[in-house]
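Novice: Pasting a structure here, questions to come.
The values are calculated or read from the model by the stated rules, or taken from the named source; none is laboratory data. Small disclaimer: the values here were computed from a predicted structure and weren't measured. FYI the Cβ positions are ideal-geometry reconstructions off the backbone, even for glycines, and counts take in every protein chain you see.
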Amino acid sequence: MKHLYTLLFSLLVSFSISAQTPLTEAVDFTVTDLDGNEHTLSEYLDAGKYVCIDFFAYWCGPCAAHAPYFTEIYNTYGCNGGDVIFMSMEYEGSWDQTHDFEVANAGDNPAPAISGAEGGGLAVHGDYSIVAYPTFILIDPDWNIVEQDIWPMNVEILDGVLQSYGLQQMTCTSMVEDVASVSVTAWPNPASDALQVEAKPGTRLTLIDLLGREVVSTQALHNITVIDLTTVPEGSYLLRANNAAATETRKVIVRH
């Protein structure tokens with residue numbers, strides 16, 4: 001019930017009133033993204049960088065719709081290698097919920113994402129008095145919140161806002177580092193009564209709906225694990241596979 005209420009509330013505040021921070025001067029913070037990297041606002045501003053933040057919630061429909069735009073601009077402006085730093089700041093979700101949101105919605109090579117519950121995002125939302133999602137803001141190197149509410153927002157609008165401050169597009173030069181991963185394959189997809197998953201024994205397999213609720217959870221005992229879907233409603237889900245080293249997520253569609 002809580003998720004239904006918050007989803008409806010998100011839709012109302014996102015489209016009925018102006019989503020913005022009331023602040024005009026930035027508040028410093030240090031947060032940790034999903035890859036374990038720390039981000040301190042003052043360090044970026046002291047280096048002469050602008051900082052663009054996407055405040056979102058993992059259960060927010062409009063946030064999901066706008067996430068690919070933010071990813072495209074992040075890549076167009078150098079993947080945090082240029083004069084503007086991008087980060088996605090989640091409200092209350094766990095690491096897993098934020099990770100699953102990014103996999104389902106943000107597209108390839110998204111900006112660093114910070115979970116609300118475990119990465120420090122909740123405190124930042126509070127400091128900036130964010131009450132509606134998504135909210136996009138821009139901070140200049142002098143600590144001024146020069147854009148309290150970039151809305152409506154799409155690729156062309158955000159690009160125009162950044163260019164108005166003299167920020168230039170540039171090639172994304174950051175390299176994707178080799179990280180530990182979980183090898184997982186799932187078929188058929190779409191699936192009906194059963195989903196076969198290839199993963200190493202000991203891997204925790206969890207089927208999650210798009211509101212972040214666990215529908216099925218089991219541990220792989222063999223290389224091939226069969227997940228019973230006969231009682232799972234039709235729809236789109238995320239299959240999360242994790243062990244002590246890493247987490248991988250795959251999209252799964254259930255059709256009976």
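Residues checked against (1) farther than 24 Å from residue 214 by Cβ; (2) surrounded by 18 or more Cβ atoms within 10 Å (Cβ to Cβ); (3) touching a residue at least 40 places away in the same chain (Cβ under 8 Å):
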| site | (1), (2), (3) |
| --- | --- |
| 24 | yes, no, yes |
| 48 | yes, no, yes |
| 61 | no, no, yes |
| 93 | no, yes, yes |
| 103 | no, no, yes |
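Novice: Considering every residue within segment 6-13, establish whether at least one is in a loop (DSSP other than H, G, I, E, B), at pLDDT below 95, over 24 Å from residue 157 (Cβ atoms) and not small (Gly, Ala, Ser).
Specialist: no
Novice: If you don't mind, there's one more thing I want to ask. Suppose we filter 54, 100 for residues that are assigned to a helix (DSSP H, G or I) and not assigned by TED's automatic domain parsing to the domain that holds residue 237; which single one remains?
Specialist: 100
Novice: Among 70, 86, which is touching a Pro at 6+ places or on another chain (Cβ under 9 Å), assigned to a helix (DSSP H, G or I) and not basic (Lys, Arg)?
Specialist: 70 is the lone residue from the list that is touching a Pro at 6+ places or on another chain (Cβ under 9 Å), assigned to a helix (DSSP H, G or I) and not basic (Lys, Arg).
Novice: Going by the conditions given, is residue 101 within 10 Å of the chain's Cα centre (by Cα), at pLDDT below 95, among the aromatic types (Phe, Trp, Tyr) and closer than 17 Å to residue 135 by Cα?
Specialist: yes
Novice: Name the residues in segment 220-256 that are of a type in the set (S, T, N, Q) and either closer than 14 Å to residue 195 by Cα or more than 27 Å from the chain's Cα centre (by Cα) (or both), would you?
Specialist: Once the filter is applied, which keeps residues that are of a type in the set (S, T, N, Q) and either closer than 14 Å to residue 195 by Cα or more than 27 Å from the chain's Cα centre (by Cα) (or both), segment 220-256 yields 223, 225, 230, 231, 236.
Novice: Here is a further query. Got at least one residue in segment 112-128 being surrounded by 24 or more Cβ atoms within 10 Å (Cβ to Cβ) and in contact with a Pro (Cβ under 8 Å, 6 or more places away or on another chain)?
Specialist: Scanning segment 112-128 turns up no residue that is surrounded by 24 or more Cβ atoms within 10 Å (Cβ to Cβ) and in contact with a Pro (Cβ under 8 Å, 6 or more places away or on another chain).
Novice: Strands (runs of 3 or more DSSP E) wholly in segment 146-237 with at least 2 residues that are surrounded by 16 or more Cβ atoms within 10 Å (Cβ to Cβ) and not assigned by TED's automatic domain parsing to the domain that holds residue 74 - which ones?
Specialist: 194-198, 204-209, 214-219, 224-228
Novice: May I ask you to say which residue of 123, 117 is farther than 22 Å from residue 74 by Cα, within 19 Å of the chain's Cα centre (by Cα), outside the structural domain of residue 245 (by TED's automatic domain parsing) and in contact (Cβ under 8 Å) with a residue 60 or more places away in the chain?
Specialist: Of the residues listed, the single one that is farther than 22 Å from residue 74 by Cα, within 19 Å of the chain's Cα centre (by Cα), outside the structural domain of residue 245 (by TED's automatic domain parsing) and in contact (Cβ under 8 Å) with a residue 60 or more places away in the chain is 123.
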